[in-house]
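Everything on this sheet refers to the single structure shown next.
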Amino acid sequence: ANKSTLTYKVVLDFKLSGNDLIVTVPKDELVFYRKYPLLKIALMDFFINATDEASVLIPSGSGAIAKFVPGNSALTYKGMVYDADYNKTDRMLPQVMQESSKLSLPMYAVRNGLNTVTTCIESGAANAQLVYEAGKQGMRCYYDFTVLQHDKAYVNIKTSINQPANQITSEDITVRYTFAENEIADSDEAVFSNVASQYREYL
């Protein structure tokens, strides 16, 4: 019998600029079969193992710090950048509606010991979702970009109705990662305050 291998073509363009790593996913280079569409791309998943403490600066409200402590209960946080995903149409049924948080800036920062990485979306923010997951295996934080909503309507476990979107991703995905090493083991507030100052200068 003939066997076919499902193939997804995703091009990643890496560029160094000083202490920054710039990663670009060109939209025109995305290739997939219509029968098996590429719906999302999770870019640069930062993982902290279960034995290390870490903190994440999340730009929600006036700013929030999520502290990962090994052994604590599992936690998952998802927040849309700008509270909109132009590629996706979801309607939640009233009995399962939950509060969702809006991220005011397309950035986040992860601190692990003396090391800090600041992530900033330069292109594609309207289709991005920040995902923070903490559990027994460790903590991970990354951006999840919607590429294409499935073109068939379906009901998922009677909780959400997904309808066809009227637009696929219209711009390249570009994310800048800035790596830094702190000289002293300062508090999260002090480290992330410095991150915020550097981000203002970047803007």
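For the reader, a short list of remarks on this structure follows.
- Across the protein chains, with a 1.4 Å probe defining accessible surface, the residues LEU75, LEU130, LEU16 rank LEU16, LEU75, LEU130 from largest area downward.
- Using θ = phi - 60° and Karplus 6.51 cos²θ - 1.76 cosθ + 1.60, couplings along region 13-19 (whole Hz; Gly, Pro as x): 9, 9, 9, 9, 9, x, 8
- Computed from label points 7 Å out along Cα-Cβ, the spacing between VAL11 and TYR33 is 2.3 nm.
- Surrounding net charge for SER197, when Lys and Arg each add one and Asp and Glu each subtract one, Cβ distance under 14 Å: -2
- The listed peptides 114-127, 46-59, 17-30, ordered by packing as a protection proxy, come out as 114-127, 46-59, 17-30 (highest mean of other Cβ atoms within 10 Å first).
- Cubic angstrom per residue, convex hull over Cα atoms of region 27-86: 158
The values are calculated or read from the model by the stated rules, or taken from the named source; none is laboratory data. Please read all numbers here as calculations on a predicted model, not as lab measurements. Note: ideal-geometry Cβ built from the backbone for every residue, glycine included; neighbour counts use all protein chains shown. Heavy atoms of the whole protein, side chains included, go into the accessibility calculation; ligands, DNA and RNA do not. Shrake-Rupley method; radii C 1.70, N 1.55, O 1.52, S 1.80 Å.
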